[in-house]
Structure formats: C-alpha cells, structure tokens
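These notes concern the structure reproduced below.
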C-alpha cells in the first residue's frame, strides 16, 4: 500500500500520523503551527477532521440524555462543542499547502458525504474514524475514490470489522486497532488488546491472506506503541498538541512534540533490533564466538601415534577457526594422532591420522 510517496507495510519503516483533531481550537494560525511542530517532531502524516455539527450529531438527542463517556467532562452541550471545534472548510487548501511545504502528507477524516467530495482533491488517502465503521454509505463513497483507507476499529466486534473491510478492494485498506476511550485514563493501557493485531493480520478475510495493520492509540503510553510495532503495526496514529492542558476536548490525551519525537526514536531503535526473521551470526559476534565456545584441547603433551582415550582431551575455551568442537566425543575416541600435540593445544583435522 502507498500513501502519497510513503510505502506502507511490514518491510518498510513504521509511519507516524500526528492527529490534530480539534486541537487547532478554531484558529488557523494555531493549526499551521501544529503542522510545523508535528513535522519537526518527525511525523510522516498530519491529519485533521472535517465535520460539521448538523451532519454528525443530533442536538435534540444529545440534549435529551445525560453526558456520558469522555463527553461527561464537557462544559458546553455536545452540539456546541462540535460546532465550536469544527474546522472551516476554507482552511483546507491552506492546510494542505502547509503540509506540502513542511514535507509531510496532509490527511483528514471526512465525517459526511460532502466532506469526501471536498477533501478528495487534497488527500492521497482516507482515515475512517471508529464511530463510522457501520456507516456504509460513507464507506462506499470513500471506496469509490479508489484511494487507500485506514479503517479504525475501536469499539467494534470482528463481524463489524470484517463487514466494513469487505466494502474495500484488496490492497486498498489497512485495519487499525483502536480502543475508543478518550478519557486519558492510564488504566486504559490494560485494554489496549494489542494481540488483536495478529487476528486482524491473518484472519477473517477470504480475499486477503495478510492485511496490513496499524494502531490508533489514545493512551499516551510508549510501551503500547512499541508492543504494537513488535506485533506488526506499520502505522501509528497519536493525537498531537503543543499544550496538553488546553481547553479543547482533544488536548488531554494528546502528545506534545517532545513526547512524539521520543516515541518515534524509540520505535526506530526497536525496528533496528527486530531483524529480518532469519537467525544468523552477526559480525559483532565473531570474536565472542571464538572466546566463548569450547574445542578439544590436549590435557597433556601427547606424542604422535597416540590413540586418543577419555581424559586425553578436555573441552576448553577458546575455539579458534579450524578447531574441532566437542559436539561428538565418540568420533574422537580411538583416533590416532598423526602429529604430536602440546598441552593446551587445540585439536584440528590435521592432528588426526
């Protein structure tokens, strides 16, 4: 899979999405600043959200029910928060250009059908939020663009996940493990369920043996990200801000630039340690291989024509090239020395008649 110039997959470096979400706080200058900070922190993709309050939430329904989940801490009504945090669509070309100038890819999640049409000229791929995994009209509209899709699977069961994925062509989508909880509670680490990535990669889809996977995470835990990458995640998405104690709904569980940069550096170290699936002897091990392995060495001076018996040789370190290791003592006993050996000398093929 390719997003813009980025190759996505297990044979490529993990890619990082800085999710700005609502952290622009309704200010274009702030949105542009966050693009710059995300690029400087090492993000590959900077993502926004295109929603409009009347097209995503019912004012009447939310006003009629108590606030629950992460919305319980909001001071304003749910509708008012969405209205205040919506991104003005006239910003879109400016945000896309700013990303281009900073060398990062611009993306945004569309939350209604018109948003797909609006964003299509500007984005090389789509991110579908977990809440819309059952909104098939939106998914089909996105699928018709033919662009790659990152499909978040928070709060979904396997059937819902596979039914949504089946709407896209082979190779068009990546499944993202996600736990839909935006409270920032450290206890949510226990619910990260990273092993679900293994199920996503290898089960359920008749037309795709191995599905690329990623992690959309709200825990702020570095360990969760490292575990996901170790299990095959090739995309990591984290919310991004320059002030975690800001007033907007997305700041509290977002990462600040230094934390984001540290996360990427940690993943790069992990990737360098992961290797390539093949057990091998590395050059850095050559010297240790000699000094730590044993070979047969003469227990005393042994003249030529000595018939080797138990006790004539000892298994001792080091084991230089050409020395006979003590893997098969029965192959040595009863052999005759062709040339003498001094005490401590390593046994080689040349010593044996």
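The values are calculated or read from the model by the stated rules, or taken from the named source; none is laboratory data. Everything quoted here is computed from the prediction, not taken from an experiment. For neighbour counting, all protein chains shown are included, and Cβ atoms are generated from backbone atoms with ideal geometry for every residue, glycine included.
Miscellaneous remarks
- Residues of the stretch 60-87 satisfying the condition of being within 19 Å of residue 24 (Cβ to Cβ) and under 31 Å from the mean Cα position of the chain (by Cα): 70, 82, 85, 86, 87
- Meets criteria (surrounded by fewer than 17 Cβ atoms within 10 Å (Cβ to Cβ) and either modelled with pLDDT under 95 or in the same structural domain as residue 219 (by TED's automatic domain parsing) (or both)) for residue 42: no
- In the stretch 278-291 there is no residue that is in contact with a helix residue (DSSP H, G or I) (Cβ under 9 Å, 6 or more places away or on another chain) and either under 30 Å from residue 353 (Cα atoms) or surrounded by 13 or more Cβ atoms within 10 Å (Cβ to Cβ) (or both).
- Restricted to strands (runs of 3 or more DSSP E) entirely inside the stretch 219-333, those with at least 3 residues that are under 25 Å from residue 105 (Cβ atoms) and in contact (Cβ under 8 Å) with a residue 12 or more places away in the chain are 235-239.
- A residue that is within 18 Å of residue 99 (Cβ to Cβ) and more than 20 Å from the chain's Cα centre (by Cα) can be found somewhere in the stretch 138-148.
- Residues in the stretch 334-353 that are in a loop (DSSP other than H, G, I, E, B) and within 14 Å of residue 312 (Cα to Cα): 334, 335, 340, 342, 343, 344, 345, 347.
- Among the residues making up the stretch 328-346, those that are at negative phi, exposed (fewer than 14 other Cβ atoms within 10 Å of the Cβ) and within 57 Å of the chain's Cα centre (by Cα) are 328, 329, 330, 331, 333, 343.
- Single residue of 139, 174 found to be in contact with a helix residue (DSSP H, G or I) (Cβ under 8 Å, 6 or more places away or on another chain), under 18 Å from residue 108 (Cα atoms) and modelled with pLDDT of 95 or more: 139
- Any hit, the stretch 188-211, residues being touching a helix residue (DSSP H, G or I) at 6+ places or on another chain (Cβ under 7 Å) and farther than 26 Å from residue 148 by Cβ: yes
- Of the set (1) modelled with pLDDT under 95; (2) touching a strand residue (DSSP E or B) at 6+ places or on another chain (Cβ under 8 Å); (3) on the phi > 0 side of the Ramachandran plot, all apply to residue 305 but (1).
- If only residues of the stretch 17-36 that are touching a residue at least 24 places away in the same chain (Cβ under 8 Å) and surrounded by fewer than 21 Cβ atoms within 10 Å (Cβ to Cβ) are counted, the one that is nearest to residue 103 (Cα to Cα) is 36.
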